[in-house]
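What follows is a set of notes on a single structure, which appears directly below.
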Amino acid sequence: MPLQEFPYAQGQLHCEGIPLTAIAEAVDTPVYVYSATAIRSNLRGYARSLATVPHEIRYSVKANSSLAVLALLGAEGSGFDIVSGGELFRVLRAGGDPAKVVFSGVGKTRDELRYALENEIGAFHCESSQELDVLRAVASSMNASPAVALRVNPDIDAKTHPYIATGLREHKFGIAVDEAESLYRDAGSWAPLRFTSLSCHIGSQIFDMQVFQEVLGQMLELATKLNRSAGRICTIDLGGGLAVGYRAEESSASIKTYGRMLSEAFRGTGFRLGLEPGRSIVGQAGVLLTRVLYRKPAGRKTFLVVDGAMNDLLRPALYAAHHEILPVRQDGGPQVACDIVGPVCESGDFLATNRALPPCDRGDLLAVATAGAYGFVQASNYNSRPRAAEVLVEGDTFRIVRVRETREDLVRGETV
């Protein structure tokens, strides 16, 4: 569910001090709406809970790569975790500090590695020995000496959706512990690469703190063991993965509790902590605002056909993900079970199924909650639909931070 920055006031759903109806009237729908206050509050929550240990927070750009969001976080001092050259370009365009950037991902190209080295990013998180070979060759050709962390696969079940779990040996991510130990022991032969850190990330939407503790224990033990023989590791990066609540009855995992647990474990170890939160910073800070086009009774079922679709928010179709659907205008009428579906020509084009809502009809506005993460970043032009606009709200003002695409945008770069 949304945070306190999305309250009902005078019968209307707001983002901070702005009624969502005002945004819809000014910008049209569908439109993503983000709360700057909520984003800042979540980032600052991490910083406060980790204040007693050396640390660096690197926002995971893949969660929401809007330039406005990146600029807001960069101004707060955040670093950035990227998984492509395009994400690095976005960070730089938003004014982010390249020295606070780490480059993750299993398939970095030579061009991406070169681009990152040219911009002198903070570190590369490498996931195979062949990747190390390529990075060493590119760095040598540029007389560069980049910092490197090996991403270790700890073979731990994160107990999350299989599509967003990354910490088991069956997954494509990371290096097995025994191979990592061998590579670190042989680190001197990998010059000009500098092995300075140890990294892992076991998946997303993790509620169980015990899973994080298990991973942390393995990483601290491994880093200590490696330092006894090599003495090179100064940072342990634990990735992201902290869960947010998507259902009305589901509370988000506590940033404060998580931060305190990590602080207690790291205090006195001599290691610096790296974190890469994404969803837990922006997920609940955004909604997708959509308008009902048609109300379509169909036997025992009622369809609400809206102007938002799977090309705007893919998560329900891709993961069978649940998002609360909130009427923008409160209505005390009897609730009706509805499927909220889009105009895309796919039976899988739905935002919610069998959802109880007060009576809705043509022109009514709905807000799809907890859409700030993995929303617009997964949007496409499927069915040749222009992508939605994005709006950032601060207090009682808002600004369009991405204009709605036009039909001309759909064919830009094409020829007949």
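The values are calculated or read from the model by the stated rules, or taken from the named source; none is laboratory data. Everything numeric here is computed off the predicted structure, so don't read it as measured data. Every residue, glycine as well, gets a Cβ built from its backbone with ideal geometry; the counts of neighbours run over all protein chains shown.
Among the residues of the stretch 307-327, those that are in contact (Cβ under 8 Å) with a residue 60 or more places away in the chain, aliphatic (A, V, I, L, M) and out of contact with any Pro (no Cβ under 8 Å at 6 or more places or on another chain) comprise Leu313, Leu314, Leu318, Ala321. Here is the figure for the stretch 273-302: residues that are touching a Cys at 6+ places or on another chain (Cβ under 6 Å) and either within 24 Å of Ser60 (Cα to Cα) or touching a residue at least 40 places away in the same chain (Cβ under 8 Å) (or both) total 1. Residues in the stretch 249-298 that are touching a Gly at 6+ places or on another chain (Cβ under 7 Å), surrounded by fewer than 20 Cβ atoms within 10 Å (Cβ to Cβ) and assigned by TED's automatic domain parsing to the domain that holds Cys200: Ser251, Ser252, Lys256.
Scanning the stretch 182-240 for residues that are surrounded by fewer than 21 Cβ atoms within 10 Å (Cβ to Cβ), among the aromatic types (Phe, Trp, Tyr) and modelled with pLDDT of 90 or more turns up just one, Trp190. Taking the criterion of being in contact with a strand residue (DSSP E or B) (Cβ under 8 Å, 6 or more places away or on another chain), among the polar types (S, T, N, Q) and at positive phi, would at least one residue in the stretch 366-376 satisfy it? Within the stretch 366-376 (the criterion being in contact with a strand residue (DSSP E or B) (Cβ under 8 Å, 6 or more places away or on another chain), among the polar types (S, T, N, Q) and at positive phi), the answer is yes, since at least one residue qualifies. Checked against the criterion of being of a type in the set (Lys, Arg), under 23 Å from Arg402 (Cβ atoms) and in the same structural domain as Arg194 (by TED's automatic domain parsing), the candidates Arg136, Arg110, Arg90 yield just one match: Arg90. If only residues of the stretch 360-416 that are touching a Gly at 6+ places or on another chain (Cβ under 9 Å) and of a type in the set (Ser, Thr, Tyr) are counted, the one that is surrounded by the most Cβ atoms within 10 Å (Cβ to Cβ) is Thr370.
Residue count for the stretch 272-320 satisfying the condition of being closer than 23 Å to Pro358 by Cβ and among the hydrophobic types (A, V, I, L, M, F, W, C): 12. Ile325: under 20 Å from Arg387 (Cα atoms) and assigned by TED's automatic domain parsing to the domain that holds Ala388, yes or no? No, not satisfied.
Can you find a residue that is outside any loop (DSSP other than H, G, I, E, B), in contact with a helix residue (DSSP H, G or I) (Cβ under 7 Å, 6 or more places away or on another chain) and crowded, with 23+ Cβ neighbours inside 10 Å anywhere in the stretch 342-358? Yes: one or more hits. Residue selection: Ala22 fails the criterion of being small (Gly, Ala, Ser), assigned to a helix (DSSP H, G or I) and within 16 Å of the chain's Cα centre (by Cα).
Residue-by-condition table, conditions (1) within 21 Å of Phe376 (Cα to Cα); (2) in contact with a Pro (Cβ under 7 Å, 6 or more places away or on another chain); (3) surrounded by fewer than 19 Cβ atoms within 10 Å (Cβ to Cβ); (4) at pLDDT below 95:
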{"position": "Ser65", "(1), (2), (3), (4)": "yes, no, no, no"}
{"position": "Glu76", "(1), (2), (3), (4)": "no, no, yes, no"}
{"position": "Gly79", "(1), (2), (3), (4)": "no, no, no, no"}
{"position": "Arg93", "(1), (2), (3), (4)": "yes, no, yes, no"}
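Summed over the stretch 36-59, residues that are in contact with a Ser or Thr (Cβ under 9 Å, 6 or more places away or on another chain) and either in the same structural domain as Leu242 (by TED's automatic domain parsing) or within 28 Å of Glu405 (Cβ to Cβ) (or both) total 1. A count restricted to the stretch 107-138 and to residues that are surrounded by 22 or more Cβ atoms within 10 Å (Cβ to Cβ), part of a helix (DSSP H, G or I) and in contact (Cβ under 8 Å) with a residue 40 or more places away in the chain stands at 1.
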